[in-house]
């Protein structure tokens with residue numbers, strides 16, 4: 001779905017400006033001439049944006065039995081949810097999001113389902129006071145010429161404690177794994193609802209990324225001189241520990257490679273509604 005990325009960005013831009021728009025509103029702003037194939041493409045994109053928690057769909061009555069679908073931009077509300085303990089009334093939310101008061105209830109229900117907001121009094125809401133980092137890490141080590149390999153991270157990062165206990169890193173805060181590690185993958189998500197991110201879900205994401213992007217770490221893990229180790233961790237964070245620019249419930253997968261030539265690479269994949277976006281770095 002990478003070909004849908006430009007359209008998804010345009011749809012989000014329309015909703016950012018308008019806050020609320022029907023399918024026809026969106027199509028008229030993007031296309032000079034609206035064709036049937038454009039309608040289907042836009043619908044697919046909106047479905048993916050809704051699944052990703054970026055937009056909210058609502059059925060709006062027009063007249064009698066006639067209705068239409070409209071979409072709201074959910075991103076400003078998600079950003080509010082990153083401010084723990086913020087107490088809000090419906091009017092507060094209306095003002096902060098720039099949408100009419102009568103439209104607020106639709107977004108509130110959406111946010112409550114995702115535990116971005118909790119109702120503390122009738123029609124008084126509060127953002128969650130706790131945010132978790134959920135992460136799963138899988139490490140690949142080799143017993144064949146191990147001194148030639150050592151994974152390096154981009155910077156000092158906090159990895160699961162089980163990795164340290166297994167002797168694969170010296171500290172939870174580290175910028176490298178032990179000698180002999182030729183690859184590692186780390187799935188990370190920041191969330192107000194850690195129960196929505198069990199280990200198996202992160203494992204499926206990891207396997208899906210490997211399949212989509214042709215990453216070979218898992219393919220060779222059954223060789224007799226390769227060993228693997230997995231760790232899963234949920235940790236509550238202080239608000240200021242959440243990285244700047246992070247989005248709630250947005251999945252990031254970091255893949256680390258150490259080559260026998262001494263070169264070391266890090267790929268940072270971020271899951272978007274249209275597929276995986278990634279950046280590649282060479283680390284020293």
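What the table below lists for this structure:
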| item | result |
| --- | --- |
| Flag if residue 97 is at pLDDT below 90, surrounded by 12 or more Cβ atoms within 10 Å (Cβ to Cβ) and in the same structural domain as residue 118 (by TED's automatic domain parsing) | yes |
| Failed criterion for residue 64 (all others in (1) free of Cβ contacts under 8 Å to residues at least 12 places away in the same chain; (2) on the phi < 0 side of the Ramachandran plot hold) | (2) |
| For residue 106: the one exception among (1) touching a helix residue (DSSP H, G or I) at 6+ places or on another chain (Cβ under 9 Å); (2) in a helix (DSSP H, G or I); (3) touching a residue at least 40 places away in the same chain (Cβ under 8 Å) | (1) |
| Every residue from segment 242-284 that is touching a helix residue (DSSP H, G or I) at 6+ places or on another chain (Cβ under 8 Å) and not in a strand (DSSP E or B) | 247, 248, 249, 251, 260, 262, 273, 274 |
| Filter result for residue 115 (assigned to a loop (DSSP other than H, G, I, E, B) and at pLDDT below 90) | yes |
| Qualifying residue in segment 72-84 (condition: touching a residue at least 12 places away in the same chain (Cβ under 8 Å), surrounded by 14 or more Cβ atoms within 10 Å (Cβ to Cβ) and more than 25 Å from residue 196 (Cα to Cα)) | no |
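This table checks each residue for (1) loosely packed, with under 14 Cβ neighbours inside 10 Å; (2) closer than 14 Å to residue 186 by Cβ.
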| site | (1), (2) |
| --- | --- |
| 206 | no, yes |
| 210 | no, yes |
| 216 | yes, no |
| 248 | no, no |
| 255 | no, yes |
| 258 | no, no |
| 284 | yes, no |
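The values are calculated or read from the model by the stated rules, or taken from the named source; none is laboratory data. Everything quoted here is computed from the prediction, not taken from an experiment. Neighbour counts run over all protein chains shown; Cβ positions are idealised from the backbone, glycine included.
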